[in-house]
1. How high is the FRET efficiency between LYS75 and ASP352 when r is their beta carbon distance and R₀ equals 35 Å, given to the nearest 0.05?
2. So how much slack lies between ASN268 and GLU340, counting 0.36 nm per residue of separation and subtracting their Cα-Cα distance, in nm?
3. Determine, for each peptide in 150-162, 302-314, the mean count of other beta carbons within 10 angstrom over its residues, then list the peptides with the highest first.
4. Please find the FRET efficiency linking THR68 to MET258, where r is the Cβ-Cβ separation and R0 is fixed at 30 Å, and quote it to the nearest 0.05.
5. Can you find, among PRO355, HIS17, SER203, the residue farthest towards the positive end of the dipole of the chain? Put +1 on the C-beta of Lys and Arg, -1 on that of Asp and Glu.
6. Output the peptides 194-204, 317-327 sorted from most to least packed, where packing is the average of other Cβ atoms within 10 Å over each peptide's residues.
7. For a test of the definition: using alpha carbon positions, the gyration tensor, and the 1.5 limit on a/c, classify region 274-353 as rounded, prolate or oblate.
8. Looking at the square roots a ≥ b ≥ c of the eigenvalues of the Cα gyration tensor of region 198-365, which shape do they give, rounded for a/c under 1.5, prolate if a/b is larger than b/c, or oblate?
Amino acid sequence: MERIDTLCFGGEDWWYHNRGHIDMQMMRRFADKGRVLYVNSIVMQKFNIGQGRKFIQRLVRKTKSIFTGLKKADKDFWVYSPFSLPVQHISWAKPANELLLQSQIGLVKHRIGMEISVVWVACPPACDMAIKMKKNKLVYQRTDRFEDFPGVNIEKIKKFDRRLKANADLTIYVNNKLYEEEADQCKKAFYLDHGVDFEMFSSPLQKTSELRDIADIPKPIIGFIGSIDDCNPDIDFLGKVADFLPNMSFVVIGRAQMDCSALTARKNIWMLGQKPYELIPEYGRRFDVTLLPLRQSRWAEAVNPLKLKEYLAMGKPIVSTPFPQLQEYLDVVYEADTPESFAACIKRAISDDCPELVNKRRDKVKGSSWDSKAELVLNELFGEK
């Protein structure tokens, strides 16, 4: 088979996220076909020093990532953080910034000996550079309504989105509702439901000393896994649910990117911070119920949470607020739209749980491996691979 080298403009930073995101998962599989260069997310939000501590934290994290330089994360898988400026909304500065990015990426490509077959875009500000680059195929990962992300220039992101959909050989959607709304805007639209590392998440509980921070938390444990930011989850909603269930322990695994003092003030909520991707299943297996308390918004209408399939692979009961993509999972998920009914569903989930339901949840996602998802995309791009 002819080698397929892929350059991915990632939607996240490889060094600071749990690597469960679709672009990261797909690139790990594409590395079996050729060299992969994962370019950590180009700055998408506006420069906002008024965010105070949050701004400083992001600046420090981005600076560390840039100074990490080019690193080989695995065989034929390279990660690089270019220096770029948040100037997508400034017309006169944008060309200079693009030239800066092009020169950096050109040098890195030459260093690792890449002949790019596929350019994969999960970060809209990479639009112009991705379209101009020499390549065989362009893929646009439209996994969210990027224009609804807090702090971005809405009109600029919409413009990038339109150009990418018109030029990409394949625009990938993970949300049915968004796919149906926008398919006719694309050169070629493709619906691809998320995959899951099924074996990793479904394997038995391991006794490990690395989980001392959860070992003494009283049962039952009601858990949420994921970053806490301006989009999701709804922390006010979660706090009210915890108040309805004072004798249950609520555990949050993930980086907090906003003020969570309203949660930490409660005695039955533990925030354990971000954990390595490999340890996520170990924490999840200690949960009695898992949660998806999504904030109701245009953003939530277009999501397909990765953690939904990870929870199912673990066989854990799930209680979720409503969102369109959830409809096909209502036979294995409890749905509630108020804190009181959400709390009632948690109680029901605990009392209902049994080995038969555990198996039913796992069976729902057993065939959804990331390997199979990568093959589907390659088939769409190049025919049978």
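Bear in mind that the values in this text are calculations on the coordinates, not laboratory data. Predicted model, so just to flag it, every value in this text is computed and none were measured. In this analysis, Cβ positions are derived from the backbone assuming ideal geometry, glycine residues included, and neighbour counts consider all displayed protein chains.
1. So the FRET efficiency works out to roughly 0.20.
2. On the way: separation 72, 0.36 × 72 = 25.92 nm, distance 1.67 nm.
In short, 24.3 nm is gained.
3. Details: 150-162: 16.4, 302-314: 23.9.
Taking the mean over residues of other Cβ atoms within 10 Å, the ranking is 302-314, 150-162.
4. On the way: r = 25 Å, r/R0 = 0.85.
FRET efficiency, THR68 to MET258: 0.75.
5. Towards the positive end, the residue furthest out is HIS17.
6. So the order, starting with the most tightly packed, is 317-327, 194-204.
7. Note, shape of region 274-353 comes out oblate.
8. rounded
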